[in-house]
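The values are calculated or read from the model by the stated rules, or taken from the named source; none is laboratory data. A quick note: this is a predicted structure, and the numbers were derived from the prediction, not measured. Here the Cβ positions follow ideal geometry from the backbone for every residue, glycine too, while neighbour counts run over all protein chains shown.
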Amino acid sequence: MNLVRAEVERLSARRFVQLMVVLLVLAFGVTAATTLAGSHKPTAEELSSARSQAAEARQSMEDTFQQCLARQNGTLPPSDSEQYFPSDCSEIDPTLRDRLPIAADFLPGVFSFAQQARPLLYFLIAFLVLFGFLVGASYIGADLNSGGVVNLLLWRPRRLTVLGAKLGTLLGGVLTLAVVASVFYLATFWVIGQTAGLGGELGGDFWRSLGAVHGRGMVLVLLASALGFAIATLGRHTSAALGAVAAYAVVWELGARLVLEIVDARRPDQLMLSSYIGAWLSGEARFYDSQLCTGTEIGRYCDGFYTMSWAPGLVVLLVLTGGLTAAAFAVFRRRDLI
Amino acid sequence: MSAVIEIEGLRKTFHSLRNGRRIAVDGFDMLVEAGQVHGFLGPNGSGKTTTLRALLGLVRADSGRMSVLGETSPQRLPRVAGRVGAIVESPQFFGNFTGYRTLRLLARAGGVPITRVDEVLETVGLRDRGDERVKGYSLGMKQRLAVASALLKDPQLLILDEPANGLDPAGIREMRDLMRELAAAGVTVLVSSHILGEIQLICDHVTIISRGRRVATGRVDEVLAGHDRHEFLVRVAEPERAVELLHEAELTASVDGAALVVGGVADPTVISRVLGEQGLWVGELTPLRPDLESVFLELTGAGGHPSVPRQVDDSGRPPGAGDAEIDLDVRGVDA
């Protein structure tokens with residue numbers, strides 16, 4: 001317990017951590033301020049007009065769908081016969097759409113919390129993932145490099161305990177900051193929506209969906225922190241983690257992706273870590289593969305997309321992070337500290 | 001007396017792709033008993049720091065047996081870590097922490113009462129500078145802070161690697177006094193240093209290492225006595241004639257500048273009697289006792305020739321050393 005308390009003090013006193021927190025507050029402040037400045041509370045007339053436009057848009061979609069069905073059934077009036085309709089009417093079935101037009105879509109200059117909360121949360125999670133990775137890497141990397149770890153081991157000559165305390169402190173600290181920051185962040189934009197914009201439809205489904213993204217985002221932040229920590233431990237230096245990520249991004253995500261496309265490999269996205277991150281964070285991810293439709297019977301619909309759910313995303317991320325973390329502990333246990 | 005540190009047959013080899021295999025410590029033995037102030041000497045790259053790091057569990061030994069305060073190291077080191085204060089080379093601290101905060105952090109991690117922080121700051125002379133950031137400290141002040149961190153635990157055994165690094169003459173003297181006080185209080189001190197005069201003043205025992213092997217150990221006066229050639233510096237009016245007379249008396253003598261060096265004499269009165277009987281009156285008769293520096297240079301072969309720059313690997317190879325290359329600049333090795 002004493003060790004953890006000491007580590008909490010070391011972590012919170014690190015200049016880099018303080019700098020990243022300031023950047024987080026700055027990014028948050030700028031986003032909130034620009035949102036507030038660019039939004040206004042809609043008047044009753046604006047709301048009424050927007051609702052009418054949304055209703056018209058929904059009706060138009062329904063009409064188009066019905067016309068498509070009529071063409072399929074051969075009952076389409078000749079006056080509408082030149083209009084374009086897809087061969088499969090389900091493509092434009094309004095009931096199959098992710099979302100239908102709502103009033104907020106027709107309120108320019110009005111911030112809608114229900115509409116914007118998810119992308120705003122993605123932005124925050126992206127920042128926190130970066131924060132966790134960099135802090136995790138620099139926390140252990142600087143300590144290994146400066147002799148801080150050696151100093152600590154002279155006091156507590158239990159390597160795994162010391163490294164475990166560091167990792168535990170890091171994950172606890174990052175999670176606490178991430179939860180507090182995200183709750184405060186969402187609450188601020190909710191208040192902006194209520195007072196200077198539009199709250200939108202904030203029913204149970206909305207909060208459940210937002211909560212799921214938030215929960216998955218927090219897990220991703222923890223995994224990124226552990227990953228940065230593990231790679232820097234293995235490489236003895238903060239830059240080892242940064243270099244590994246940069247090399248992976250350039251060599252694999254960019255270079256290998258190009259090569260895989262050139263050789264017409266099947267489902268190349270399944271080989272990319274970014275695909276699993278996306279699938280985990282958003283619940284599922286869809287990827288296009290032109291070869292999926294090769295050999296499909298003529299007349300049978302094939303859009304060339306395939307779906308990756310969150311479950312394989314989580315498995316890949318856990319195996320990668322868990323494996324590297326275990327390797328870091330194993331190496332650190334036997335390493336000569338000189 | 002009970003053994004506080006025991007090292008038997010310690011061997012450590014570093015491997016790296018670039019530099020290959022390098023033997024850092026090659027069957028090294030050491031015994032430090034309770035209450036000793038034990039000096040640990042060796043040229044650069046001789047294996048001192050690797051030995052201390054292995055003893056403290058920071059470097060994994062290839063073979064050998066080590067114990068600290070009766071517990072096997074590194075396996076059972078945690079049992080006695082609370083009674084061992086150590087600094088190994090120049091420890092680094094967070095620059096933006098104050099000296100006080102640095103020590104408080106270590107005290108907290110080690111479960112030491114925070115009240116000890118003020119006590120050790122006072123002891124090492126940093127009482128009035130404890131609230132300043134470490135990055136503003138001089139090298140000597142950082143060294144004092146390192147010693148303070150080692151003293152925090154109120155240790156029974158203090159291991160200090162080059163504690164006088166960066167200290168000014170007054171600081172060196174204070175460090176010497178501090179070690180004497182600690183020894184008087186019953187603390188066993190193992191101190192490595194290049195300042196041989198200091199070691200001779202502070203330490204009662206010494207171990208000398210060269211190229212990874214022990215070349216001398218024992219009480220300082222015994223080690224020095226072992227290298228005493230029983231030589232005397234003699235000043236006399238006619239040096240050449242004096243040499244002839246001493247040779248006739250079967251003594252070895254040679255002219256050294258304006259004086260004579262007479263060797264192989266157990267009783268110096270023989271010299272004054274031989275010369276006095278022939279009317280040559282001795283103006284000065286000084287015993288030439290070896291000091292630690294001369295013994296160190298002789299044992300380690302670190303003296304070299306003034307016109308040839310000595311290389312790190314030029315230290316003397318102790319008897320029995322194999323043909324394997326022995327080198328110990330471990331900081332440059334990717335272990």
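Checking B:P287 against (1) touching a Cys at 6+ places or on another chain (Cβ under 7 Å); (2) surrounded by fewer than 15 Cβ atoms within 10 Å (Cβ to Cβ), which test does it fail?
(1)
Among the helices (runs of 4 or more DSSP H) contained in segment A:1-107, which hold 2 or more residues that are more than 27 Å from A:Y122 (Cβ to Cβ)?
A:2-13, A:44-73
So B:L288 ticks every box in (1) closer than 23 Å to B:L41 by Cα; (2) at pLDDT below 80; (3) touching a Phe, Trp or Tyr at 6+ places or on another chain (Cβ under 9 Å) but one. Which box is left unticked?
(2)
Which ones in segment B:46-67 are over 21 Å from B:G218 (Cβ atoms) and either facing chain A (nearest Cβ under 8 Å) or surrounded by 24 or more Cβ atoms within 10 Å (Cβ to Cβ) (or both)?
Result: B:T49, B:T50, B:R53, B:A54, B:L56, B:G57, B:L58, B:V59, B:R60, B:A61.
Scanning for something under 24 Å from the mean Cα position of the chain (by Cα) and more than 27 Å from B:F14 (Cβ to Cβ), does segment B:89-107 turn up at least one residue?
no
Out of the residues in segment A:24-39 meeting the condition of being surrounded by fewer than 15 Cβ atoms within 10 Å (Cβ to Cβ) and in contact (Cβ under 8 Å) with a residue 24 or more places away in the chain, tell me which one is nearest to the other protein chains (Cβ to nearest Cβ).
Taking the candidates together, the pick is A:A27.
When only residues in segment B:134-151 that are of a type in the set (S, T, Y) and surrounded by 18 or more Cβ atoms within 10 Å (Cβ to Cβ) count, which is farthest from the other protein chains (Cβ to nearest Cβ)?
So the residue we want is B:Y137.
Out of everything in segment A:151-181 that is surrounded by 21 or more Cβ atoms within 10 Å (Cβ to Cβ) and away from chain B (no Cβ under 14 Å), what residue ends up being farthest from A:I338 (Cα to Cα)?
Within segment A:151-181, the match that is farthest from A:I338 (Cα to Cα) is A:A178.
Mind telling me which of the residues A:S146, A:S90 ends up being free of Cβ contacts under 8 Å to residues at least 60 places away in the same chain, surrounded by fewer than 16 Cβ atoms within 10 Å (Cβ to Cβ), among the small types (G, A, S) and touching a helix residue (DSSP H, G or I) at 6+ places or on another chain (Cβ under 8 Å)?
Residue meeting the stated conditions: A:S90.
Considering only residues that are outside any strand (DSSP E or B) and at pLDDT below 85, which ones fall in segment B:224-237?
Scanning segment B:224-237 gives B:L224, B:A225, B:G226, B:H227, B:D228, B:R229, B:H230.
Got at least one residue in segment B:114-133 being buried (at least 20 other Cβ atoms within 10 Å of the Cβ), under 27 Å from A:L11 (Cβ atoms) and within 12 Å of another protein chain (Cβ to nearest Cβ)?
Within segment B:114-133, none of the residues are buried (at least 20 other Cβ atoms within 10 Å of the Cβ), under 27 Å from A:L11 (Cβ atoms) and within 12 Å of another protein chain (Cβ to nearest Cβ).
Just to check your reading of the model, which residue among A:G200, A:G141 is closer than 30 Å to A:L324 by Cβ and outside the structural domain of A:A54 (by TED's automatic domain parsing)?
Every option except A:G141 fails the conditions.
Go through (1) more than 9 Å from chain A (Cβ to nearest Cβ); (2) not in a loop (DSSP other than H, G, I, E, B) and name the single condition B:Q75 misses.
All conditions pass for B:Q75, except number (2).
Which of (1) surrounded by 19 or more Cβ atoms within 10 Å (Cβ to Cβ); (2) within 11 Å of another protein chain (Cβ to nearest Cβ) does A:I140 not meet, given it meets every other one?
(2)
Does B:V59 count as in contact with a strand residue (DSSP E or B) (Cβ under 6 Å, 6 or more places away or on another chain), modelled with pLDDT of 90 or more and not in a strand (DSSP E or B)?
It is false that B:V59 is in contact with a strand residue (DSSP E or B) (Cβ under 6 Å, 6 or more places away or on another chain), modelled with pLDDT of 90 or more and not in a strand (DSSP E or B).
Just checking, how many residues over segment B:78-94 are within 9 Å of another protein chain (Cβ to nearest Cβ) and either touching a Leu at 6+ places or on another chain (Cβ under 6 Å) or small (G, A, S) (or both)?
Adding up the residues that qualify gives 8.
Within segment B:257-302, can you find the residues that are assigned to a strand (DSSP E or B) and either among the aromatic types (F, W, Y) or under 21 Å from B:A225 (Cβ atoms) (or both)?
B:V261, B:V262, B:G263, B:L285, B:T286, B:P287, B:L288
So how many residues does segment B:81-107 have that are assigned to a helix (DSSP H, G or I) and touching a residue at least 40 places away in the same chain (Cβ under 8 Å)?
Here the count works out to 7.
Tell me, please, whether a residue that is crowded, with 16+ Cβ neighbours inside 10 Å and either touching a residue at least 40 places away in the same chain (Cβ under 8 Å) or aromatic (F, W, Y) (or both) can be found in segment A:300-307.
For segment A:300-307, residues crowded, with 16+ Cβ neighbours inside 10 Å and either touching a residue at least 40 places away in the same chain (Cβ under 8 Å) or aromatic (F, W, Y) (or both): absent.
Consider segment B:1-50. How many of its residues are β-branched (V, I, T), assigned to a strand (DSSP E or B) and closer than 24 Å to B:L178 by Cβ?
4
Which residues, counting only those in segment B:6-36, are surrounded by fewer than 23 Cβ atoms within 10 Å (Cβ to Cβ) and either in contact with a Cys (Cβ under 9 Å, 6 or more places away or on another chain) or aliphatic (A, V, I, L, M) (or both)?
B:L17, B:I23, B:M30, B:L31, B:A34, B:Q36, listed by residue number.
Are any of the residues in segment B:41-50 of a type in the set (G, A, S), under 16 Å from B:S192 (Cβ atoms), out of contact with any helix residue (DSSP H, G or I) (no Cβ under 6 Å at 6 or more places or on another chain) and modelled with pLDDT under 95?
Yes - at least one qualifying residue is present in segment B:41-50.
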